[in-house]
Every structure is written in C-alpha cells, then in structure tokens.
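To keep things clear, I will list the structure first and then write my remarks on it.
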Amino acid sequence: MYTKQEAASLKQAFWTAFGQYMSLHLSADGGKANWINYKTGEKNIYFRMNAGNKTASIGIEIAHPSDGIQHLYFEQFEQLKAVLHETLNEEWIWQKDVQDETGRYICRIYTFTEGVNIFKKEDWPAIISFLKPRILALDDFWVSAKYVFEALR
C-alpha cells in the first residue's frame, strides 16, 4: 500500500512520462497539443483520461451548467456517433445524465480497459498503448467536428 504522497508521486510520474511520449505527436491540425490537458476550445466539453489501480479510461465529458444545453451537446454527439466510432475504430459507452465524482450530473462518452495499474510501472506501457491511439483519434475527430459545436454557442 502506498501513502497518499507516494501515490500522488507515482501518478505524476506516469502523466509526465505520458506527456513526454506524446510530445512527439502533433495534433491533427498540425500544431502542438497538450495531450494530457486537451483543450477542445468549447467550454464544458472535455476530453478526459484517467488511470487508477484497476482500470484506465478515456472519454468525452459534457458538463454544462444548463441541463438543456448539456443535452443539446450530447444529442449533437449522437448525430456524429457513426463518424466518431469510425474515427476511433471502436464503439464507446454512451451515458446521459450520470453523476461524476463530485456529484454533478454530466453526459459521458467513454471506453476503458481493465487489468492495468498506474502504480505498477510495468503496466505503464499497456496504459500508454491504450490511451495513445484513442486520444490521437479523438483529436482527429475533433478537428472536423468542433465547428458543429461552435455553431451551438
């Protein structure tokens, strides 16, 4: 078992290593990207990556303070579902109105893998291999899809 400080240090080391590894990749639009803290350019739409002691996940979170606008954004993603899944080369899980870790209701589109542990350095390559192609595919999707969401502002 790790202390909170040790756990935080290992997590920070993983995300630093992941960021350094991903820094070799340009965004689909040709620019530099902050892959760990990806900026969609749309307030309340986030690309999230997480890793813990049992799973790693990646997804899109819609967390607008207005339920109506949040649902409108989710419905727009549903309109783009085929394009998203084609770009990702897989189908993801779609959840409307689920509680996040803070108790706030959000909409989420995500996937995950089990059997990996961020606290085991020998699992880091598997976590990176899971996250890397998916964040790159999300970026590729977003380069063309973001304009649809700009029109909803």
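Here is how the numbers come out for the structure above:
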quantity	calculated
Residue in segment 65-76 that is in contact with a strand residue (DSSP E or B) (Cβ under 8 Å, 6 or more places away or on another chain), under 26 Å from Phe18 (Cβ atoms), at pLDDT 95 or above and surrounded by 18 or more Cβ atoms within 10 Å (Cβ to Cβ) present	no
Segment 80-120 - residue that is assigned to a helix (DSSP H, G or I) and without any contact (Cβ under 8 Å) to a residue 24 or more places away in the chain and, of those, nearest to Tyr2 (Cα to Cα)	His85
Residue in segment 30-40 that is in a loop (DSSP other than H, G, I, E, B), hydrophobic (A, V, I, L, M, F, W, C), under 17 Å from the mean Cα position of the chain (by Cα) and within 24 Å of Asn117 (Cβ to Cβ) present	yes
Pairs where the first residue, in segment 29-46, is surrounded by 16 or more Cβ atoms within 10 Å (Cβ to Cβ) and the second is modelled with pLDDT under 95 and not in a loop (DSSP other than H, G, I, E, B), C-beta under 6 Å, 6+ apart	Glu42/Phe149
Conditions (1) surrounded by 13 or more Cβ atoms within 10 Å (Cβ to Cβ); (2) touching a residue at least 12 places away in the same chain (Cβ under 8 Å); number of the one not met by Leu152	(1)
Hits in segment 57-78 - residues which are part of a helix (DSSP H, G or I) and free of Cβ contacts under 8 Å to residues at least 12 places away in the same chain	Gly68, Glu75
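The values are calculated or read from the model by the stated rules, or taken from the named source; none is laboratory data. In this text the structure is predicted, and so the values were computed from the model without any measurement. Virtual Cβ from ideal backbone geometry, glycine too; neighbours counted across all protein chains shown.
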